[in-house]
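Just below is one structure, and these are the notes that go with it.
The values are calculated or read from the model by the stated rules, or taken from the named source; none is laboratory data. Because the structure is a prediction, the values reported are computed rather than measured. Neighbour counts are summed over all protein chains in view; Cβ atoms, including those assigned to glycine, are modelled from backbone coordinates with ideal geometry. Areas reflect the complete protein model, heavy atoms only, side chains present, ligands, DNA and RNA absent. Shrake-Rupley method; radii C 1.70, N 1.55, O 1.52, S 1.80 Å.
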Amino acid sequence: MARRTKIYEGKAKIMYEGPEPGTIVQYFKDDATAFNAEKKAVIEGKGVLNNRLSEYFMTGLNLVGVPTHFIRRLNMREQLVRSCEIIPLEVIVRNFAAGSLSKRLGIEEGTQLPRPIVEYCYKDDALGDPLVSEEHIAAFGWASPQDMDDVLSLALRVNDFLTGVMYGVGIRVVDFKIEIGRVYDGDFQRLIVADEISPDSCRLWDIETGQKLDKDVFRRDLGSLTDAYSEVARRLGVMPKNTQVTKPTLIN
Ligand code: TMP
């Protein structure tokens, strides 16, 4: 069989040319990075969990009318997605203060924000994804003001969906990051949610105990990352109970 064409390899995923024009195969790696890849590890099983969880969230978004790039899951580590032009922004939505917002503004982690706050970072690893304003985005032509109206609306719709779904399983969505892509249907351009939605790109805290169930477990050395992600998957009912490879067992 011919080798697949790799389009791009990022820190946590690889994109291959898809089987039909306009499609891409998105492969989830086990690599974990933090602090702009200063901290790195391979965490067995992370890719499988994120593939499943991103499928779960993107499928739900598609079903409630928020367009995403997701087409279907192909196997344990791969999903078929619609090819799109990624707007070079990390779109961050925050419901509670944490991480860089807490640091920047001196707000204690966990403080509820008066309303969801949407921030934009320019996607550039060499610069460490700096925070930018809509002025920068328009002036440098990364997206038009009309695009940004749609980006904001998509971000808030994703927030409503995610916070509701996760509330149902006892998890608080503190904040998350999404990426938005452009697709063309004939002469018309549309924006869709792309990349991934997984515990790598969200802060998820248990509502009762405050336990962290996201990549902060890795960033801050708080325990097993796969245990945390498996707990999210278990609560959402998206993982088979036993994901370990075991010896065959006799069924009586
Ligand atoms: P921050 O508090 O570090 O700015 O992160 C805000 C949210 O965005 C958090 O849920 C983690 C997510 N995020 C990413 O997915 N990728 C990144 O490169 C960064 C910095 C944050």
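Over all other residues within a Cβ to Cβ distance under 13 Å of Gly170, the charged ones net out to 0, with Lys and Arg as +1 and Asp and Glu as -1.
Tell me which chymotrypsin sites (Phe, Trp or Tyr not before Pro) from segment 53-157 have a DSSP coil assignment and no more than 15 other beta carbons within 10 Å of their own. Filter output for segment 53-157: Phe140.
Coordinate range of the alpha-carbon atoms in segment 71-132 per principal axis, descending: 43, 26, 19 Å.
Distance between Cα centroids, segment 1-25 to segment 88-154: provide it in whole Å. Centre-to-centre (Cα) distance: 29 Å. Sites counted here are trypsin sites (Lys or Arg not before Pro) in a DSSP loop (not H, G, I, E or B) having no more than 12 other Cβ atoms within 10 Å; the longest part of the chain that contains none of them is 4-219. Accessible area of Ile43 (1.4 Å probe, protein heavy atoms only, ligands and nucleic acids ignored): about 30 Å².
For segment 105-252, the dipole from Cβ point charges (+1 on Lys and Arg, -1 on Asp and Glu) about the Cα centre works out to 820 debye, to the nearest 20. Fully extending the segment from Tyr8 to Asn36 would add 8.3 nm, taking 0.36 nm per residue of separation and subtracting the current Cα-Cα distance. Here the extension length gained between Asp227 and Asp160 equals 21.5 nm, from 0.36 nm per residue of separation less the Cα-Cα distance. Start at zero, step by 5 Å, and the Cα-Cα distances of segment 103-252 spread as 2, 7, 13, 17, 17, 15, 11, 8, 4, 2, 1, 1, 0, 0 percent across the bins.
How much net charge surrounds Val25 when only the other residues with a Cβ under 12 Å from the Cβ of Val25 are counted, with Lys and Arg +1 and Asp and Glu -1?
Charge balance in the 12 Å sphere: +4.
Note on segment 39-189: with neighbouring protein chains present and a 1.4 Å probe, carbon and sulfur make up 53 percent of its accessible heavy-atom surface. Taken per residue, the accessible surface of the chain reaches 54 Å², heavy atoms only and a 1.4 Å probe. Split the chain at each of the GluC sites (Glu not before Pro) in a DSSP loop with at most 16 other beta carbon atoms within 10 Å, and the longest piece is 110-207.
Across every pair of non-identical alpha carbons in segment 76-186, the mean reciprocal distance, once inverted, gives a Kirkwood radius of 15.5 Å. Given in Å, the Rg to one decimal and the Dmax to the nearest whole number for the Cα atoms of the chain are 18.3, 69.
Within segment 157-182, find all residues whose amide N lies under 20 Å from a label point positioned 7 Å from the Cα of Gln146 along Cα-to-beta-carbon. Answer for segment 157-182: 180-182.
Helix-only arithmetic for the chain: the sum of -39500 (n - 2.57) across DSSP H runs with n ≥ 4, divided by the residue total, places the mean residue ellipticity at 222 nm at -8500 deg cm²/dmol. Of the residues Tyr27, Tyr16, Tyr184, the one with the largest accessible area comes first in the ranking Tyr184, Tyr27, Tyr16, computed with a 1.4 Å probe on protein heavy atoms.
What per residue convex hull volume, in Å³, do the alpha-carbon atoms of segment 27-97 yield?
It comes to 135 Å³ per residue, whole-number rounded.
Charge tally around Gly10: other residues with Cβ under 12 Å, Lys/Arg +1 each, Asp/Glu -1 each, net -2.
A straight Cα-to-Cα reach below 28 Å connects Lys39 with the lysines Lys6, Lys11, Lys13, Lys29, Lys103, Lys123, Lys177, Lys212, Lys215, residues fewer than 8 places away in its own chain not being considered.
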